[in-house]
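The values are calculated or read from the model by the stated rules, or taken from the named source; none is laboratory data. On a predicted model such as this, the values are computed, not experimentally measured, just so you know. Counting neighbours? That spans all protein chains shown, and the Cβs are built from the backbone with ideal geometry, glycine included. Note: accessible area is taken over every heavy atom of the protein model, side chains too, but ligands, DNA and RNA are not part of it. Shrake-Rupley method; radii C 1.70, N 1.55, O 1.52, S 1.80 Å.
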Amino acid sequence: MDLVLLSRIQFALTACYHWLFVPLTLGLGVVMSVMETIYVVRGDEAWRRIARFWQKLFGINFAIGVATGIILEFEFGTNFSNYSWFVGDIFGAPLAIEGILAFFMEATFIAIMFFGWEKVSKRTHLMATWLTAIGTMISAWWILVANSWMQHPVGMEFNPDTVRNEMMDFFTVAFQPTAVIKFVHSVCSGWMTGAMFVVAVSAWFLIKGRNQEMAKKSIMVASIVGIIGTAFCMFAGDKHGVDIAKTQPMKLAAAEGLQQGSNEAAFSFVPGIEVPHMLSFLATHDWNGYVWGINDLKEEGEKQIAEGKMALEAFRTYRENRETNDSVAQAALATFNEHKQYFGYGYLDSADELVPNVWLCYWCFRLMIGCGCIVALCFVLGIILGWKDWLEKYRWILVLFLIGLPCVYIAGQCGWIFTEVGRQPWAIQGLLPVKAAVSSVSAGSVLTTIIIFATLFTALLFAEVRIMLRAIREHNDK
Amino acid sequence: MTYLFLQQYWWLLVSLLGALFVMLMFVQGANALVLCLGKTEDERMLLVNSTGRKWELTFTTLVTFGGAFFASFPLFYSTSFGGAYWVWMLLLFSFVLQAVAYEFQNKPGNLFGTNTYRWFLIINGIFGPLLTGTAVGTFFTGANFQISKDSMLMGNTISEWTSAWHGLEAVANPWNVCLGLCVVMLAITLGLLYIMRNVDAAPIRDRARKGLMIAAPMFVVLFLLFVGYVLMKSGWAVEEDGSIVIEEYKYLHNFLQMPVVAALFLVGVILVLIGVVVGLFMPSKPRNGFWFAAAGTVLTVTTLLLLAGWNGTCYYPSFADTASSLHLQNSCSSEFTLRTMFFVSLIIPFVLAYIAWAWRTMDKTPISSAELQQTEDKY
């Protein structure tokens, strides 16, 4: 297999594994913090036991999240060394800030949270729990700033003498709308995951007729956190759609399998079932808004590639002559500046390369939304049934809560697969294709590390799930 | 703040983070000996729970070190990680094993059994410091790479590693291995001093003290050998015009031209030695050894890394192509990014302060079997 594909597989593998654990950390962090707050405010021992139980599960999950995360950071260097230089001036900063601001906060206060129950006061402990949860969200902020920048690069300028992009405006990079939207969407999907996890585990207790009081209280808190998460997640998802239509039209076209652009684009729920004009509305908030199709974008792409090749050629001339023949170099630089917007397209050979995997984008997008709706329904039912104290009355709804758990994970995974596959062929949208971003290592080496990580992470995942199940099964709330 | 100042400043920060990481590898050092220091299950639980309250700091420092290096010297990140692929991958691999080992080792249903996870800790305890030391050795001994920014335009890679071993060839140079083993012994020395401070169990403290009698002298010998070698060897120097030449006794010259760095280096070494002596020969106050040695380690490693990068030195020399060697000016981020990150770095003292507060709060009394028996808050 070729190096580019293998490098992508390795990154995808580690990212997907990482995202199995991170959303639970994000969501469970909030749920357990709310529970501990109730304990501190009311002084009720029952809430203390509840909070501690979920914190224990948080700990099991947190460890493996950390383990899978460290690889990702370093993979930018190990597998994408062109990338690391070409945009490292911008991209490194959020990673460093994440470490300084967030990781130390998590690492420090999680130790107090776990081992400090008898060493610090109630309030200090509560603060530590919240700081752990907030730390996970600050961390999410900065890594999503980095990812958003890959989707929508802003605030930088190409420097022809260092052959890289350099940061011009930090605040644009750190707070661009794409990043804000992505943060809300991803973190709230994490809240949904954590909340769904709590609801599902509690439902299992109720089905088994064990720890009922704890389960009912947990479902109430989690459903509320979950429904808030869902509301913001949907709101941001809508904004995300409009943002993608502007900044990554090909991703949107691929998600819909839309071949021809249209002012009355229909949204298809599944092939064959369509609502006219709905895609136009979702993408532009106007029932007759224009949505680009794959073929139109390919036509555009032909021109962009031609310009990109001119830019690349002019840039080569500039680099070859800049020390020997100043006038030739300056002329080449002027040509380059004229076309430099499409510099990255110069690496592509044909417009066909511009189209990501339509099948994968189409289905991941639908699975994400479909599964997300089931999860949202669970939260609504959780709140109503919890409020009326009917939870034990409707066993089938408890079974639905159990089904919600795989759904929330499928939704999260599909969301990321869609957003990353949809960006292809780019590592950084419009700036650097993945095939020009990789390191010069042998395909065999990458294949070997893929096998090592796949084996290790799978083994650890099995261990983690078993430990989790045992901890749940053996839990006795008294 | 000039561009030049910012480059030096960021090298100082990266060096400091690297040094803190080496110091915090006392976790690894103690883990490497977990089966020797603890003879009963009770004792092993004590040891695991003692370092288990600190491991995340070590891990986080490694990650932040990576992030800071990326943000400030991206060409190093690009060249070394992509080139010396296997060294870094194996290092990460060992840290992945460690990250789950604490949480999983004593939990029912952990699939592989307690001993497997303890071995994960031991593997990381040895290979973590060994690979770190070996990799850092190449900062002085050099590595096999060529850099051409223009090659990116031809559809190639900015840097090529000229050894097919992709980093593992570093082991072929005995001096890299010397530093690797030296870091292992340092980690063990610090780990033993930490255990003497943090674990309240006489048999373990006795064993730790005996271990220290072996590990500390081995560390000192390896350290002196490596430092002696570095001070006698030539280095890659950056000229005024940016060209790179090989200068005899470059590192010795660096010390002589930067007397403050040299002085701090000496203070660091003395502090480490004081720490060891206190741990070994002051039976009434052996607990105090750790902080002397820890502070000394931070000073020594920071100054050693300053020696590698400051004063116009190539901190990542290439013997495949001298002109490709990395120094602060040719590998750093833009002035704008370094300045922005300078302001971010002003948060660091605040971070250190809350870590210190948490550390003090949690470590007021050493951990004991009695405590572990009473509490559920343990691994």
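Is it the case that region B:341-350 has a residue that's within 7 Å of another protein chain (Cβ to nearest Cβ) and open to solvent by less than 30 Å² (accessible area, probe 1.4 Å)? Within region B:341-350, one or more residues are within 7 Å of another protein chain (Cβ to nearest Cβ) and open to solvent by less than 30 Å² (accessible area, probe 1.4 Å).
Quick check on region A:64-72. Is at least one of its residues at the interface with chain B (Cβ under 8 Å from one of its Cβ atoms), part of a helix (DSSP H, G or I) and over 27 Å from A:ALA222 (Cα atoms)? The answer is yes, given that some residue of region A:64-72 is at the interface with chain B (Cβ under 8 Å from one of its Cβ atoms), part of a helix (DSSP H, G or I) and over 27 Å from A:ALA222 (Cα atoms).
Residues in region B:87-142 that are over 13 Å from the mean Cα position of the chain (by Cα) and among the hydroxyl-bearing types (Ser, Thr, Tyr): B:SER94, B:TYR102, B:THR114, B:THR116, B:TYR117, B:THR138, B:THR141. For the residues A:GLY293, A:GLY289, A:GLY257, the requirement of being of a type in the set (Gly, Ala, Ser), surrounded by fewer than 19 Cβ atoms within 10 Å (Cβ to Cβ), over 30 Å from A:TRP191 (Cβ atoms) and in contact with a helix residue (DSSP H, G or I) (Cβ under 9 Å, 6 or more places away or on another chain) singles out A:GLY257. Taken over region A:436-478, residues that are in contact with a strand residue (DSSP E or B) (Cβ under 9 Å, 6 or more places away or on another chain) and either in a helix (DSSP H, G or I) or among the hydroxyl-bearing types (Ser, Thr, Tyr) (or both) amount to 3. Of all positions in region A:120-139, none carries a residue that is surrounded by 23 or more Cβ atoms within 10 Å (Cβ to Cβ), touching a Pro at 6+ places or on another chain (Cβ under 7 Å) and under 19 Å from A:CYS188 (Cα atoms).
Flag: A:LYS56 does not match the condition of being at the interface with another protein chain (Cβ under 7 Å from one of its Cβ atoms) and either surrounded by fewer than 24 Cβ atoms within 10 Å (Cβ to Cβ) or more than 30 Å from A:LEU431 (Cα to Cα) (or both).
Per this entry, A:VAL434 is not counted among residues that are in contact (Cβ under 8 Å) with a residue 12 or more places away in the chain, more than 10 Å from chain B (Cβ to nearest Cβ), buried (at least 20 other Cβ atoms within 10 Å of the Cβ) and under 23 Å from A:GLY59 (Cβ atoms).
Among the numbered conditions (1) open to solvent by less than 10 Å² (accessible area, probe 1.4 Å); (2) of a type in the set (Val, Ile, Thr); (3) facing another protein chain (nearest Cβ under 7 Å), tell me where A:VAL87 comes up short. Just one mismatch for A:VAL87, condition (3).
So that you can scan it fast, the table gives a plain yes or no per residue for (1) more than 25 Å from A:LEU101 (Cα to Cα); (2) more than 22 Å from the chain's Cα centre (by Cα); (3) more than 14 Å from chain A (Cβ to nearest Cβ); (4) open to solvent by 10 Å² or more (accessible area, probe 1.4 Å):
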site: B:PRO286; (1), (2), (3), (4): yes, yes, yes, yes
site: B:TRP291; (1), (2), (3), (4): yes, no, yes, yes
site: B:THR302; (1), (2), (3), (4): no, no, yes, yes
site: B:LEU338; (1), (2), (3), (4): no, yes, no, no
site: B:MET362; (1), (2), (3), (4): no, yes, no, yes
site: B:SER368; (1), (2), (3), (4): yes, yes, no, yes
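Does A:VAL40 satisfy being surrounded by fewer than 23 Cβ atoms within 10 Å (Cβ to Cβ), more than 7 Å from every other protein chain (Cβ to nearest Cβ), among the hydrophobic types (A, V, I, L, M, F, W, C) and in a helix (DSSP H, G or I)? Against the criterion (surrounded by fewer than 23 Cβ atoms within 10 Å (Cβ to Cβ), more than 7 Å from every other protein chain (Cβ to nearest Cβ), among the hydrophobic types (A, V, I, L, M, F, W, C) and in a helix (DSSP H, G or I)), A:VAL40 qualifies.
Applying the selection to region B:311-356, what residues are part of a loop (DSSP other than H, G, I, E, B) and more than 21 Å from B:LEU252 (Cβ to Cβ)? If the condition is that a residue be part of a loop (DSSP other than H, G, I, E, B) and more than 21 Å from B:LEU252 (Cβ to Cβ), then B:ALA320, B:ASP321, B:CYS332, B:SER333, B:SER334, B:LEU346, B:ILE347 are the ones that fit. Scanning region B:29-56 for residues that are closer than 24 Å to B:PHE219 by Cβ and surrounded by fewer than 20 Cβ atoms within 10 Å (Cβ to Cβ) yields a total of 2. Put simply, of A:THR247, A:THR178, A:THR172 the only residue that is over 30 Å from A:TYR394 (Cβ atoms), of a type outside the set (A, V, I, L, M, F, W, C) and surrounded by fewer than 18 Cβ atoms within 10 Å (Cβ to Cβ) is A:THR172. A:GLN212 meets each of the listed conditions (1) over 30 Å from A:PRO160 (Cβ atoms); (2) under 20 Å from the mean Cα position of the chain (by Cα) apart from (2). A:MET192 - would you say it is surrounded by 19 or more Cβ atoms within 10 Å (Cβ to Cβ), within 30 Å of B:ASN330 (Cβ to Cβ) and in contact with a Gly (Cβ under 7 Å, 6 or more places away or on another chain)? When the stated conditions are applied, A:MET192 does not pass them.
Residue-by-condition table, conditions (1) outside any helix (DSSP H, G or I); (2) within 14 Å of chain B (Cβ to nearest Cβ); (3) not basic (Lys, Arg):
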position: A:LYS309; (1), (2), (3): no, yes, no
position: A:ARG319; (1), (2), (3): no, yes, no
position: A:GLN330; (1), (2), (3): no, no, yes
position: A:PHE336; (1), (2), (3): no, yes, yes
position: A:TYR342; (1), (2), (3): no, no, yes
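Among A:LEU95, A:LEU24, A:LEU6, which is the only one that is farther than 30 Å from A:TYR347 by Cα and not charged (D, E, K, R)? On inspection, the qualifying residue turns out to be A:LEU24. Every test in (1) acidic (Asp, Glu); (2) surrounded by 15 or more Cβ atoms within 10 Å (Cβ to Cβ); (3) closer than 30 Å to A:LEU13 by Cβ is passed by A:ASP349 save one, and that test is (2). Scanning region B:121-158 for residues that are at the interface with another protein chain (Cβ under 10 Å from one of its Cβ atoms) and in a helix (DSSP H, G or I) yields B:LYS149, B:ASP150, B:SER151, B:MET152, B:LEU153, B:MET154.
Hey, among the residues in region A:437-464 that are within 22 Å of the chain's Cα centre (by Cα) and more than 9 Å from chain B (Cβ to nearest Cβ), which one's surrounded by the fewest Cβ atoms within 10 Å (Cβ to Cβ)? Step by step, filter region A:437-464, then rank; the result is A:THR458.
Among the hydrophobic types (A, V, I, L, M, F, W, C) and more than 7 Å from every other protein chain (Cβ to nearest Cβ) - does that describe any residue in region B:105-112? No, there is no match, as no residue in region B:105-112 is among the hydrophobic types (A, V, I, L, M, F, W, C) and more than 7 Å from every other protein chain (Cβ to nearest Cβ).
Regarding region B:89-105, can at least one residue be identified that is of a type in the set (S, T, N, Q), surrounded by fewer than 24 Cβ atoms within 10 Å (Cβ to Cβ) and not in a helix (DSSP H, G or I)? Within region B:89-105 (the criterion being of a type in the set (S, T, N, Q), surrounded by fewer than 24 Cβ atoms within 10 Å (Cβ to Cβ) and not in a helix (DSSP H, G or I)), the answer is no, since none of the residues qualifies. Here region B:273-290 is the region considered, the condition is being touching a residue at least 60 places away in the same chain (Cβ under 8 Å) and of a type in the set (A, V, I, L, M, F, W, C), and the residue that is nearest to B:ARG197 (Cα to Cα) is B:PHE290.
Restricting attention to region A:42-96, which residues are β-branched (Val, Ile, Thr) and touching a residue at least 40 places away in the same chain (Cβ under 8 Å)? Scanning region A:42-96 gives A:ILE50, A:ILE60, A:ILE64, A:THR68, A:ILE71, A:THR78, A:VAL87, A:ILE90.
Selection of region B:165-193 for residues being within 14 Å of another protein chain (Cβ to nearest Cβ) and outside any loop (DSSP other than H, G, I, E, B) yields B:LEU168, B:GLU169. Taken over region B:370-379, the criterion of being of a type outside the set (Lys, Arg), surrounded by 15 or more Cβ atoms within 10 Å (Cβ to Cβ) and not in a helix (DSSP H, G or I) is satisfied by B:ASP377, B:TYR379.
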